[in-house]
Amino acid sequence: MTPEILAIIMFITTLCFLLFGFPVAFTLAGSALIFAFIGDILGIFNFRMLFFFPQRIYGIMINEALVAVPLFIFMGVMLEKTKIAANLLESLGDLFGSIRGGLGIGVVLVGMLLAASTGIVGATVVTMGMLALPSMLKAGYDEKIATGTICASGTLGQIIPPSIVLILLAEMLQGANEEAGLLTGDLAPLPVTAIDLFAGALIPGLILVAMFIIYILIVAKLRPNDLPIVRTNKTKLEIYKTALIEVIPPIFLILAVLGSIFMGIATPTESASVGAAGAALLALFRKQLTFSNVSAAAVTTAKMSSFVFIILIGASMFSLVFRGFEGDDMISNFLTNLPGGEYGPLLVVMATIFLLGFFLDYIEIIFVIIPLVGPGLIASGADPLWLGILISLNLQTSFLTPPFGFSLFFLRGVSPKSVKTINIYKGVIPFIFIQVLAIIMVFVFPQIATWLPRFIN
């Protein structure tokens with residue numbers, strides 16, 4: 001048996017265990033250890049390679065860029081726990097309620113603002129599901145439109161910065177970029193940073209928001225009974241006053257976070273500190289900075305951060321063993337020999353990621369797939385920044401695609417029992433097509449993703 005064949009068997013075995021629902025981190029590390037042992041017995045793997053694993057763990061722990069992950073998580077959880085997100089949703093709903101489909105537009109805009117404030121899909125979907133869905137159904141909105149809008153808007157946290165996905169993706173792409181440099185002989189490739197991906201994702205994210213709103217307006221025009229006007233007893237002055245009070249502070253926080261990054265004042269990690277402190281200050285001003293809220297936010301942050309980092313460590317073990325079987329060279333050669341120049345391999349990888357998104361979590365895809373295919377794609381000529389934005393848009397669909405889209409599960413968990421699961425599935429389908437269209441736009445016009453990073457640099 002050759003090392004390459006054993007690498008393929010290890011990869012397929014790992015995917016099967018993940019599909020059966022085994023814990024991600026332990027599946028990655030456990031399958032790697034088992035196959036490393038098998039390879040050592042067969043004489044095709046040097047078990048001593050595992051001695052490098054502690055160095056990899058140490059490298060993860062001292063990586064300053066990854067410190068931004070728990071800080072952004074705390075920021076998002078704090079905004080959710082202190083009802084800031086809920087008040088934002090209510091005020092924007094009132095502001096656009098007089099327009100047919102206005103409540104849906106308000107949900108999309110809240111999803112955008114929460115995405116730019118938190119980057120946490122689960123918290124956004126759950127918050128809007130608990131608050132907006134009953135209001136939309138009471139107002140007479142069609143179940144499919146209401147649930148689809150909430151699910152899709154919640155996924156904006158995947159692409160609109162500051163996104164945790166973009167931070168993790170930048171880390172994996174930088175490693176792939178360095179590997180590609182070794183393959184091509186470029187020992188000093190231009191780095192791929194979280195700042196670059198933040199800037200690159202901003203315009204595609206705003207385009208996606210615009211496409212969601214346009215779709216809602218079109219449906220409202222074609223099927224007015226499915227998206228009725230929402231009446232309110234509040235005066236216009238009351239609505240505008242409440243909107244200013246509730247909307248301005250989160251926007252200011254977003255500008256402080258993103259502005260400090262794009263203007264070069266702060267690194268993503270430093271800006272994440274600004275965001276976490278800003279969320280705490282907003283809670284203080286609203287008299288919501290209580291011990292119970294801070295404690296709940298801290299516990300949730302610790303759980304989610306531990307989840308991310310333990311998977312990262314498991315993925316590092318998997319990558320080390322896979323490389324020991326020369327699996328990285330095998331995949332690189334496979335992608336290089338595909339027809340279609342640089343676009344053929346990219347299309348194959350994008351299609352694969354899209355299909356895996358039906359069954360696997362985005363974190364699993366980032367930590368398992370990107371280190372394997374990234375070096376080959378970059379070595380074949382793909383711009384790593386452009387590649388990162390395409391992948392992040394693609395990963396966003398994994399939250400919506402049945403049967404295992406996490407947004408669907410999040411919304412199902414907080415929806416009234418009267419809402420049918422099949423309607424949730426049907427509701428997200430148009431938004432999946434919209435997201436695929438956005439991917440095609442960035443694929444055909446790379447400048448959408450690359451212009452802003454190059455402009456600010």
FRET efficiency, 1/(1 + (r/R0)^6) with R0 45 Å, evaluated for Lys287 and Gln447 via beta carbons: 0.45
Shape call, segment 160-243: gyration tensor on alpha carbons, a/c limit 1.5: prolate
Arrange Met49, Met136 by Cβ neighbour counts within 10 Å, fewest through most, would you? Met49, Met136
Theoretical FRET efficiency, 1/(1+(r/R0)^6), r = Cβ-Cβ of Thr2 and Met61, R0 45 Å, to 0.05: 0.80
For the chain, build the charge dipole from Cβ charges (+1 Lys, Arg; -1 Asp, Glu) around the Cα centre, then report which of Asn333, Leu166, Asn63 sits farthest towards its positive end. Leu166
Counting each pair of different Cα atoms once, what's the Kirkwood radius of segment 1-115 in Å, rounded to one decimal? 18.8 Å
How far is helix 236-262 tilted, in degrees, relative to the longest principal axis of the Cα atoms in the chain, given as a value from 0 to 90 rounded to the nearest 10? 20 degrees
When the Debye formula is applied to the Cα atoms of segment 29-82, each taken as the same point scatterer, what base-10 log of I(q)/I(0) results at q = 0.17, 0.31 Å⁻¹? -0.69, -1.09
Footprinting exposure proxy for Leu355, Leu28 (fewest neighbouring C-beta atoms within 10 Å first): Leu355, Leu28
Those lysines that a straight Cα-Cα span of less than 28 Å connects to Lys426, excepting residues fewer than 8 apart in one chain: Lys138, Lys144, Lys221, Lys417
Give me Asp196, Asp329 sorted ascending by neighbouring Cβ count inside 10 Å, so fewest comes first. Asp329, Asp196
Electrostatic dipole magnitude of segment 67-456 [Cβ: Lys, Arg +1; Asp, Glu -1; Cα centre; debye, to 20]: 1940 debye
So for segment 129-171, Kirkwood radius off the Cα pairs, Stokes-Einstein at 20 °C and 1.002 mPa s: how many µm² s⁻¹? 182 µm²/s
In the chain, taking the dipole from +1 charges on Lys and Arg beta carbons and -1 charges on Asp and Glu beta carbons about the Cα centre, the listed residue (Ser271, Ala302, Ile213) farthest towards the positive end is Ile213
Alpha-carbon radius of gyration plus Dmax, which is the widest Cα pair, for the chain in Å: 22.5, 78
From the helices alone, meaning DSSP H stretches of at least four residues, give me the mean residue ellipticity at 222 nm for the chain, per-run term -39500 (n - 2.57), in deg cm²/dmol to the nearest 500. -25000 deg cm²/dmol
Note to self: C-alpha centroids of segment 85-116 and segment 131-205 sit apart, in Å, by 21 Å
Relative to the compact globular guide of 2.2 N^0.38 Å, what is the alpha carbon radius of gyration of segment 350-394, as a ratio? 1.09
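Every number here is computed from the coordinates shown, using simple stated rules; none is lab data. Remember, predicted model here, so these are calculated numbers, not experimental data. Every residue, glycine as well, gets a Cβ built from its backbone with ideal geometry; the counts of neighbours run over all protein chains shown.
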